[in-house]
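The values are calculated or read from the model by the stated rules, or taken from the named source; none is laboratory data. Note that the structure is a prediction, hence the values are computed from the model and not measured. Quick reminder, even Gly has a Cβ in these numbers, built from the backbone with ideal geometry, and neighbours come from all protein chains shown.
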Amino acid sequence: MYLVGEVVKHRLVDPTLSPCRPKDIMAHMEQDYGVQLNYKKAWRAREKALESLYGTEDGSFVRLPSLRYMMETANPGSSFDLVTIVRSRRFRYFFMSLSAWKRGWKYLRPVIIIDGTFLTNYYKGTLFSACGMDANEQIFPLAFGVGDSESTESWVYFLTQLKKAIGERQHQVIVSDRNKGILQAVGKVFRESDHGYCMYHLLKNVRNKFKGLTKEAAWKFSGAAKAYTHVEWERFMGMLDEEDAGIRTYLEKEVGHEKWARAHFTEKRYSIMTSNNAESLNSVLLKAREFPIAKIFDFFRERMTKWFYERREKALGTMTALSVDSNAKLIGYIGQACGMQVISLL
């Protein structure tokens, strides 16, 4: 068992590598060493390797205060919060927003994308994340947190800590799916912010509620969500009426056009019509979610620091006031413009 654990350790060091499931270990041991393992032994070997690298699950919770102290010392101005149940001294919530994330928030579009996903380690729980989008259309992390579930109480805690960390800007917008806990928590914590719904999640709800819709319903709905004017929006809604007349009533009465359609939204969502960025951030951290909790947050620090270093190096090579992405688009537009003919209408 020890030998197997040592063999698979390297597959568990970097969470960005391919998954190391018991079936993978079984195949690896048979192919490279001619050793046949049953599923139970492969699982135990994997657990032993994780414990050897990152400690036990219980011990990981004990390490959280020291991890918090070390990260606060190395990143002055960061925001951390650890909540335990006093009588039983059991873990309840943990929150982290590093100083670099907080400082960068004021340079982003005032749109916060939030999402929750489940942890796959021994004690399970829910991982909460908040992010924005920078000028290069890249994910910009704002905060991470862990709680027991996606309940209203847990979301209120996470959003309250997020608000303490980065504040609430004018014309701020929150984008998320229509999770009940999120809906209630956003209304309680970010009262001055508009709340917009992810159009992809809403489309899934529409498809589940109205059976028999054609494939074309997807682009019709997307067109209505992204329309800039009421005239354009009504044109796409007319197409949806042909699919099922009840869709318009559902979107108006149960959802609210001002929550999903850009033409009716009171604030600016810019091009952020989905919560895909937050989900993409969670997918990057997919494998890390099976690690003990202290390692999860240490990996967040490590991976986001790497991102920020790479982006800084890329930005230092930029010779214009525009971002790399915007400058590339501008050059492309100039190239197209040079091939156009100017015709006088006089």
| field | Any chance residue 266 is more than 28 Å from the chain's Cα centre (by Cα) and exposed (fewer than 13 other Cβ atoms within 10 Å of the Cβ) | value | no
| query | Within segment 150-179, which residues are in contact (Cβ under 8 Å) with a residue 60 or more places away in the chain, closer than 23 Å to residue 273 by Cα and in a helix (DSSP H, G or I)? | reply | 158, 162, 166
| message | List pairs: first residue in segment 34-54 and buried (at least 20 other Cβ atoms within 10 Å of the Cβ), second residue of a type in the set (D, E, K, R) anywhere in the structure, Cβ distance under 6 angstrom, at least six positions apart or on different chains. | response | 49/9; 54/295
| field | Sole exception among (1) farther than 27 Å from residue 201 by Cα; (2) at pLDDT below 95; (3) of a type in the set (Gly, Ala, Ser) for residue 79, by number | value | (2)
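Do you know which residues across segment 315-330 are more than 11 Å from residue 136 (Cβ to Cβ) and surrounded by 10 or more Cβ atoms within 10 Å (Cβ to Cβ)?
Pass one, segment 315-330, residues more than 11 Å from residue 136 (Cβ to Cβ): 316-317, 319-321, 330.
Hits for segment 315-330 are 320, 330.
From the residues in segment 220-240 that are among the small types (Gly, Ala, Ser) and surrounded by fewer than 20 Cβ atoms within 10 Å (Cβ to Cβ), which one is farthest from residue 268 (Cα to Cα)?
Just the residues of segment 220-240 that are among the small types (Gly, Ala, Ser), to begin with: 222-225, 227, 238.
If we keep only those that are surrounded by fewer than 20 Cβ atoms within 10 Å (Cβ to Cβ) as well, we get 222-223, 227, 238.
Numbers: 222: 17, 223: 17, 227: 13, 238: 24 Å.
Within segment 220-240, the match that is farthest from residue 268 (Cα to Cα) is 238.
Out of all the residues in segment 39-52, is one or more over 17 Å from residue 298 (Cβ atoms) and either touching a strand residue (DSSP E or B) at 6+ places or on another chain (Cβ under 9 Å) or assigned by TED's automatic domain parsing to the domain that holds residue 145 (or both)?
no
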| query | With respect to the numbered conditions (1) out of contact with any Gly (no Cβ under 8 Å at 6 or more places or on another chain); (2) in a helix (DSSP H, G or I), which one is the sole condition not fulfilled by residue 182? | reply | (1)
| task | Provide a single number: the residues in segment 201-249 that are more than 23 Å from residue 178 (Cα to Cα) and in contact (Cβ under 8 Å) with a residue 60 or more places away in the chain. | result | 0
| request: State which residue pairs qualify: first residue more than 17 Å from residue 328 (Cβ to Cβ) and assigned by TED's automatic domain parsing to the domain that holds residue 182 and inside segment 128-149, second residue among the basic types (Lys, Arg) and part of a strand (DSSP E or B) in any location, beta carbons under 9 Å apart, and separation of 6 or more residues or different chains. | output: 147/92; 148/92
| request: Keeping to segment 273-304, report how many residues are free of Cβ contacts under 8 Å to residues at least 12 places away in the same chain and of a type in the set (S, T, N, Q). | output: 1
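Whether any residue in segment 213-222 is out of contact with any helix residue (DSSP H, G or I) (no Cβ under 6 Å at 6 or more places or on another chain), aliphatic (A, V, I, L, M) and not assigned by TED's automatic domain parsing to the domain that holds residue 156 is what I want to check. Talk me through it step by step, then tell me what you get.
Restricting attention to segment 213-222, the residues satisfying the condition of being out of contact with any helix residue (DSSP H, G or I) (no Cβ under 6 Å at 6 or more places or on another chain) are 214-216, 218-219, 222.
Okay, now just the ones that are also aliphatic (A, V, I, L, M), so 218.
From what is left, the residues that are not assigned by TED's automatic domain parsing to the domain that holds residue 156 are 218.
Checked segment 213-222: at least one residue is out of contact with any helix residue (DSSP H, G or I) (no Cβ under 6 Å at 6 or more places or on another chain), aliphatic (A, V, I, L, M) and not assigned by TED's automatic domain parsing to the domain that holds residue 156.
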| query | Out of all the residues in segment 299-316, is one or more over 26 Å from the mean Cα position of the chain (by Cα), assigned by TED's automatic domain parsing to the domain that holds residue 144, of a type outside the set (Phe, Trp, Tyr) and farther than 24 Å from residue 220 by Cα? | reply | yes
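Considering 319, 340, which residue is without any contact (Cβ under 8 Å) to a residue 12 or more places away in the chain, assigned to a loop (DSSP other than H, G, I, E, B), farther than 26 Å from residue 110 by Cβ and in the same structural domain as residue 124 (by TED's automatic domain parsing)?
Numbers: 340 fails: in the same structural domain as residue 124 (by TED's automatic domain parsing).
Selected residue: 319, the only one of 319, 340 that is without any contact (Cβ under 8 Å) to a residue 12 or more places away in the chain, assigned to a loop (DSSP other than H, G, I, E, B), farther than 26 Å from residue 110 by Cβ and in the same structural domain as residue 124 (by TED's automatic domain parsing).
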| Quick check, is residue 190 out of contact with any Phe, Trp or Tyr (no Cβ under 8 Å at 6 or more places or on another chain) and closer than 30 Å to residue 134 by Cβ? | yes
| query | When you look at residue 279, is it over 15 Å from residue 145 (Cβ atoms) and outside any helix (DSSP H, G or I), yes or no? | reply | no
| query | Out of all the residues in segment 157-165, is one or more closer than 30 Å to residue 43 by Cβ and under 19 Å from the mean Cα position of the chain (by Cα)? | reply | no
| said: For segment 170-182, give me each residue that is surrounded by 16 or more Cβ atoms within 10 Å (Cβ to Cβ) and over 17 Å from the mean Cα position of the chain (by Cα). | reply: 172
| field | All positions within segment 183-210 that are in the same structural domain as residue 127 (by TED's automatic domain parsing), aliphatic (A, V, I, L, M) and more than 19 Å from the chain's Cα centre (by Cα) | value | 189
